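> Handing you this structure, nothing more for now.
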Amino acid sequence: MASSSSRSGGGAGNEESPAMRRLRRLSLHLLQPFDRPAEPLALAACAGARRVEGGAEVSAALAAYLRGRHRATQARVFEFFRDRPDLQTPVEQTTAAHRDLCFRQLRALVRDAGVRPLSLMAADPAEYFAVMEAAGGVDISLGVKFGVQYSLWGGSILNLGTKKHRDKFFDGIDNLDIPGCFAMTELHHGSNVQALQTTAAFDPVTDEFIINTPNDGAIKWWIGNAAVHGKYATVFARLILPLQGKGGTPADMGIHAFIVPIRDLETHAVLPGIEINDCGHKIGLNGVDNGALRFRSVRIPRDNLLNRFGDVSRDGKYTSSLPTINKRFAATLGELVGGRVGIAYSSVGVLKVAVTIATRYALLRQQFGPPKQPEISVLDYQSHQHKLMPMLASSYAFHFATIYLVDKYSEMKKTNDEDVIADVHVLSSGLKAYITSYTAKSISTCRESCGGHGYAAVNRFGALRNDHDIFQTFEGDNTVLLQQVAGDLLKQYQEKFKGGTLSVTWNYLRDSMSTYLSQPNPVTARWEGEDHLRDPNFQLDAFRYRTSRLLHSVAARLQKHSKTLGGFGAWNRCLNHLLTLAESHIESVILAKFIKSVKSCPDEKTRQLLKLVCDLYALDRIWKDIGTYRNVDYVAPNKAKAIHKLTDYLSYQVRLVARELVDAFDLPDLIIRAPIGMQSEAYAQYTQHVGF
Ligand SMILES: Cc1cc2nc3c(=O)[nH]c(=O)nc-3n(C[C@H](O)[C@H](O)[C@H](O)COP(=O)(O)OP(=O)(O)OC[C@H]3O[C@@H](n4cnc5c(N)ncnc54)[C@H](O)[C@@H]3O)c2cc1C
């Protein structure tokens with residue numbers, strides 16, 4: 001419902017109420033919020049609309065730096081869909097229609113546009129993730145369907161199988177002849193994969209595995225591609241060897257992956273012994289057909305065991321290069337990080353779309369203004385800058401962090417280096433958890449910042465929010481993933497005190513840990529000059545100091561509590577502390593990568609612009625956690641005040657180049673789609689949409 005007070009107050013010719021007068025005075029003040037020069041980076045902003053002169057060139061230079069070598073690939077995907085109106089996702093459609101469209105979109109991308117995702121994944125993972133992000137821009141359901149087919153089903157064959165599996169399945173997966181599923185989750189177990197109950201018992205007589213769902217809790221649930229399109233599934237099950245346990249009992253060798261045909265390749269009929277039901281209409285992502293699977297003693301050839309980390313011979317003997325069930329389990333899950341990398345990367349894509357719509361609309365939308373003067377853009381309100389500009393800065397920060405993650409992932413695939421594998425595991429867990437949680441919250445803020453028009457489905461926030469929401473849960477629940485980051489930091493911490501070395505990404509802890517052990521410097525705690533606060537060394541030190549402190553204190557608490565509560569109880573007693581530690585660490589990594597990307601930018605003007613955005617990201621984060629810094633006197637009261645003031649000022653400065661910053665994401669109107677977020681004529685597009 002519209003607010004009647006705002007409407008009458010803003011109407012021309014109305015008598016001004018005292019409240020309105022106050023608001024107008026405030027508006028006037030907001031137009032000149034700081035007693036400093038208004039133009040950042042010597043880029044002249046015009047009065048009124050405040051467009052930066054030469055803004056188009058600024059955006060183009062920035063876009064070129066951001067997109068790097070993937071710009072052309074993504075542009076090709078966008079152009080392909082631009083020329084195919086039959087493949088564009090309408091605002092309203094039924095679940096069945098959306099599933100059908102999503103499959104047609106994927107098939108067209110592969111068969112008509114000639115994209116070969118699995119080949120890309122094998123040859124150039126960075127290019128693969130760029131295509132996946134672009135597909136998610138077309139429709140998030142398409143990005144997820146793409147991820148199920150290639151990152152999950154294809155990834156399981158590539159990473160857990162051996163040559164015989166790749167020879168048999170690679171081409172069919174790549175060209176989409178064989179749509180498939182990744183069937184890990186069960187009704188009773190999602191996060192706790194080690195407790196899955198589906199069994200794969202070896203039958204030495206027939207040389208087969210028998211896949212069985214022992215009870216309702218073991219029904220495979222939520223499996224993408226299962227309800228309609230899948231022909232095969234990679235099923236995660238406990239490998240059971242008869243007579244090989246103690247006293248001739250069956251031996252449970254732990255979780256392994258098996259290829260199970262689920263539908264006839266010709267007729268598409270569900271195969272005997274398999275029951276598939278539809279998980280039904282979801283909150284979002286209804287282009288993806290999630291299903292539930294039950295197996296009734298389904299027989300598959302021994303060769304269908306994905307045997308990279310463990311194998312069974314014809315005579316039923318188990319062999320593995322890895323000595324324990326735990327090591328095999330870790331290696332199996334470790335190979336699946338690609339899905340998580342893709343989710344983190346795609347989540348940044350969703351954030352960019354939401355921020356672009358909200359920022360463009362906030363520049364266009366005018367409400368109230370000083371007496372007898374034109375109304376001002378809502379982005380000129382300090383509150384609006386406070387909502388959107390740190391979010392815009394975060395989009396940039398996450399962009400560089402996920403590019404780094406993808407590069408590390410590519411390096412891992414090339415080298416198989418153990419340290420890099422460990423790094424990527426923790427980094428992908430932390431970034432996936434941190435970024436998807438941030439994006440999920442931000443979409444709601446963007447919706448609110450667009451007022452009532454943000455609520456129109458055509459302006460997309462509802463679909464973005466609903467489709468993206470589950471990014472926080474699948475590919476590892478965020479709370480569970482952050483614990484893996486904390487666990488790794490503690491392991492590294494113990495190693496350090498045993499005289500070991502820290503892995504590369506965490507190297508900073510070695511230095512900041514010794515700094516932590518001394519008290520904060522009372523002199524620097526009072527430094528409040530802008531040069532100091534905008535010095536990347538100060539910013540990084542602050543982030544790292546906080547992480548080191550959290551790590552040190554939680555290690556002591558865990559040690560204390562484990563004496564009485566045991567390891568599990570102590571961990572739970574310190575759980576919130578551990579999650580804060582993990583987030584703090586990931587923020588340090590994000591900032592470090594942002595600072596590095598600013599320094600590496602070859603063009604001076606672009607570098608200055610990025611430095612401004614990076615400063616806002618860093619100081620906003622410090623300000624949001626100022627209580628922690630004040631509590632330990634890392635920051636004195638005068639410095640806290642200076643940080644607050646500077647953060648507001650930087651938000652204002654970023655606002656002056658906000659249009660250029662969102663344009664630099666280089667997202668065509670076809671991808672933005674929301675009429676209120678279009679590059680031009682937004683109101684006209686919106687009115688046309690409703691029929692005027
Ligand atoms: C749309 C959709 C698509 C999916 N696609 C697939 C697919 O293709 N293949 C597949 O195998 N699976 C798929 N999944 C399943 C998904 O991976 C799981 O939902 C996810 O792993 C979480 O498991 P869960 O739902 O059992 O949650 P749970 O593990 O039961 O978690 C429930 C809550 O408990 C909390 N919690 C759990 N453990 C802990 C802990 N140790 N400490 C603190 N808190 C904890 C979590 O934070 C969460 O809030 C999909 C799910 C959805 C909704």
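> Hey, can you tell me all the residues within the stretch 203-231 that are at negative phi and crowded, with 24+ Cβ neighbours inside 10 Å?
Within the stretch 203-231, the first condition is being at negative phi, and the residues that meet it are 203-206, 208-221, 223-224, 226-231.
Hits for the stretch 203-231 are F209, I211, T213, K220, I223, G224, A226, H229, G230.
> Is it the case that some residue within the stretch 230-244 is away from the ligand (no atom under 12 Å from the Cβ) and touching a Cys at 6+ places or on another chain (Cβ under 8 Å)?
yes
> Considering the stretch 187-200 alone, what residues qualify as being closer than 24 Å to P242 by Cα and in contact with a Ser or Thr (Cβ under 9 Å, 6 or more places away or on another chain)? Even if it seems obvious, please write down each step before you answer.
As a first pass, look at the stretch 187-200 and keep what is closer than 24 Å to P242 by Cα: 193-200.
Passing the criteria: V193, L196, Q197, T198, T199.
A quick yes/no check of all residues on (1) part of a loop (DSSP other than H, G, I, E, B); (2) at pLDDT 95 or above; (3) under 30 Å from V138 (Cβ atoms):
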| site | (1), (2), (3) |
| --- | --- |
| L609 | no, yes, yes |
| Y617 | no, yes, yes |
| K641 | no, yes, no |
| V654 | no, yes, yes |
| L661 | no, yes, yes |
| S680 | yes, no, yes |
| Y683 | no, no, yes |
| Y686 | no, no, yes |
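> Out of the stretch 664-678, which residues are part of a loop (DSSP other than H, G, I, E, B) and either farther than 21 Å from Y396 by Cα or among the aromatic types (F, W, Y) (or both)?
Across the stretch 664-678, the qualifying residues are F665, R673, A674.
> Return yes when I274 is within 13 Å of the ligand (Cβ to nearest atom), at pLDDT 95 or above and surrounded by fewer than 21 Cβ atoms within 10 Å (Cβ to Cβ) and no when it is not.
No.
> Of the residues that make up the stretch 87-110, is at least one over 19 Å from D289 (Cα atoms), in contact (Cβ under 8 Å) with a residue 24 or more places away in the chain and not β-branched (V, I, T)?
Scanning the stretch 87-110, I find no residue that is over 19 Å from D289 (Cα atoms), in contact (Cβ under 8 Å) with a residue 24 or more places away in the chain and not β-branched (V, I, T), so the answer is no.
> May I ask you to verify whether D663 is more than 19 Å from G529 (Cβ to Cβ), touching a residue at least 24 places away in the same chain (Cβ under 8 Å), under 24 Å from the mean Cα position of the chain (by Cα) and in the same structural domain as V350 (by TED's automatic domain parsing)?
Here the answer is yes, as D663 does meet what is asked.
> Now for a separate question. Taking the conditions exactly as written (over 22 Å from the mean Cα position of the chain (by Cα) and surrounded by fewer than 16 Cβ atoms within 10 Å (Cβ to Cβ)), does P637 satisfy them or not?
Taking the combined requirement at face value, the residue satisfies it.
> Picking from F129, F169, F209, F202, which residue would you name as being out of contact with any Leu (no Cβ under 6 Å at 6 or more places or on another chain), over 25 Å from G114 (Cα atoms) and away from the ligand (no atom under 16 Å from the Cβ)? Spell out the reasoning first.
On the way: F129 fails: over 25 Å from G114 (Cα atoms); F169 fails: over 25 Å from G114 (Cα atoms); F202 fails: out of contact with any Leu (no Cβ under 6 Å at 6 or more places or on another chain).
So the residue among F129, F169, F209, F202 that is out of contact with any Leu (no Cβ under 6 Å at 6 or more places or on another chain), over 25 Å from G114 (Cα atoms) and away from the ligand (no atom under 16 Å from the Cβ) is F209.
> Listed residues W623, W571; which is out of contact with any Lys or Arg (no Cβ under 8 Å at 6 or more places or on another chain), farther than 22 Å from A658 by Cα, surrounded by fewer than 21 Cβ atoms within 10 Å (Cβ to Cβ) and aromatic (F, W, Y)?
W571
> Residues being closer than 19 Å to I157 by Cα, in a helix (DSSP H, G or I) and of a type in the set (G, A, S): count how many of those fall in the stretch 319-356.
Selection size over the stretch 319-356: 6.
> Within the bounds of the stretch 141-163, is there any residue that is among the charged types (D, E, K, R) and surrounded by fewer than 16 Cβ atoms within 10 Å (Cβ to Cβ)?
The answer is yes, given that some residue of the stretch 141-163 is among the charged types (D, E, K, R) and surrounded by fewer than 16 Cβ atoms within 10 Å (Cβ to Cβ).
> Also, quick follow-up: Restricting the stretch 132-162 to residues that are of a type in the set (V, I, T) and under 13 Å from Y345 (Cα atoms), which is farthest from the ligand (Cβ to nearest atom)? First the steps, then the outcome.
Taking the stretch 132-162 and keeping what is of a type in the set (V, I, T), we get 138, 140, 144, 148, 157, 162.
Add one more test, that the residue is under 13 Å from Y345 (Cα atoms), and what stays is 140, 144.
On the way: I140: 11, V144: 7 Å.
Of everything passing the filter in the stretch 132-162, I140 is farthest from the ligand (Cβ to nearest atom).
> Sort through T505, T547, T501, T524 and tell me the only one that's modelled with pLDDT under 90, of a type outside the set (G, A, S), surrounded by 22 or more Cβ atoms within 10 Å (Cβ to Cβ) and more than 15 Å from the ligand (Cβ to nearest atom). Break it down stepwise before answering.
Details: T547 fails: modelled with pLDDT under 90; T501 fails: surrounded by 22 or more Cβ atoms within 10 Å (Cβ to Cβ); T524 fails: surrounded by 22 or more Cβ atoms within 10 Å (Cβ to Cβ).
Just one listed residue meets the conditions, T505.
> Let me spell it out: the conditions are (1) crowded, with 18+ Cβ neighbours inside 10 Å; (2) in contact with a Ser or Thr (Cβ under 7 Å, 6 or more places away or on another chain), and D289 meets all of them except one. Which number is the exception?
Among (1) crowded, with 18+ Cβ neighbours inside 10 Å; (2) in contact with a Ser or Thr (Cβ under 7 Å, 6 or more places away or on another chain), D289 violates only (2).
> Hey, among the residues in the stretch 212-229 that are over 22 Å from Y150 (Cβ atoms) and part of a loop (DSSP other than H, G, I, E, B), which one's nearest to the ligand (Cβ to nearest atom)?
Ranking the qualifying residues of the stretch 212-229, first place goes to I219.
The values are calculated or read from the model by the stated rules, or taken from the named source; none is laboratory data. All of these numbers come straight from a predicted model, not from anything done at the bench. Note that we place each Cβ from the backbone using ideal geometry, even for glycine, and neighbour counts take in every protein chain shown.
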